[in-house]
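Below: one structure, written as structure tokens.
What follows is calculated from the coordinates using simple rules that are stated; it is not laboratory data. Keep in mind the model is a prediction, meaning the values are calculated, not measured. Cβ placement follows ideal geometry from the backbone for every residue including glycine, while neighbour counts extend to all protein chains displayed.
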Amino acid sequence: MGKTESVRTLERAEQLHAEDPERAEMIARARRFKAGWYELAEALTEERRRERFKAWGFQSFEDYCRRELHLKPDTVAKLTGSFAFLRKKAPDVLARDGRTAPIPSYQAVDFWRRAEEEQLAPADTMEEIRTRVLDEAAPASALARAYRTVVFPVDDGEEERRRRAALRATAGKLLDLLGPAREEGMVPRPLADDLEEPLARLRDLFEAEKAAEKAEKSSSNN
């Protein structure tokens with residue numbers, strides 16, 4: 001698999017700052033993070049505490065992670081949060097090498113962590129989630145499908161709003177793809193023409209509902 005541009009950028013940065021071992025090592029851990037996230041999460045946790053990034057010319061920890069390590073704030077939060085959670089709940093897992101026992105993804109650990117914080121699911125469900133995360137290394141997507149409605153319940157109104165938002169986004173995406181697909185011959189032009197108008201109507205319907213809801217909320221706040 002070819003290297004991504006962000007990986008190549010990190011490699012260049014690692015070489016550029018070779019004279020500063022701590023800084024170069026942080027960059028190296030970011031580069032290796034897809035292979036194993038514990039190492040990077042531990043280093044990020046320590047770096048946030050020590051604030052060496054200020055000596056490197058960055059105004060904040062978030063600025064340092066984004067500009068030098070090419071990590072989004074949400075990713076950093078999940079990494080450090082998941083690391084702290086494992087260190088408290090299952091510290092032995094942090095010693096795994098992935099050969100004799102699976103390494104759970106930080107996204108899966110984050111799902112388990114948030115479920116623990118909500119404290120809405122029955123104890124047996126939480127034990128199931130723990131087992132699937134630690135023993136089976138189940139991906140976060142599988143955990144969400146199986147347990148989301150139990151650990152993060154939403155009322156009927158919120159669920160309907162989510163479905164409407166998904167429909168609006170899907171209709172818009174299909175419209176964006178339909179034009180190029182028609183021009184490239186991937187979709188027969190008559191079929192594309194037939195699909196375009198109802199898809200646009202569907203998108204516009206939900207866009208109008210979204211705008212009306214926003215206006216109503218704004219009015220009630222004034």
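List of remarks:
- According to the Cα-based calculation, Rg over Rh for region 27-171 is 1.03, with Rh computed by the Kirkwood formula.
- Reduced Cα scattering model of region 94-135, Debye log10 I(q)/I(0), q = 0.16, 0.19 Å⁻¹: -0.43, -0.58
- Spatial separation of Cα centroids for region 14-47 and region 159-209, in angstrom: 43
- Hydrodynamic radius (Kirkwood) for region 156-221, which is based on Cα pairs only, to one decimal in Å: 13.3
- Modelled label positions at E213 and S60, each set 7 Å beyond Cα in the direction of Cβ, lie 2.9 nm from each other.
- Straight-distance crosslink candidates among aspartates and glutamates, where the alpha carbon sits under 12 Å from K72 and sequence neighbours closer than 8 are dropped: E62, D63
- Bins of 10 Å from zero: percent of alpha-carbon pairs in region 65-123: 20, 44, 30, 5, 0
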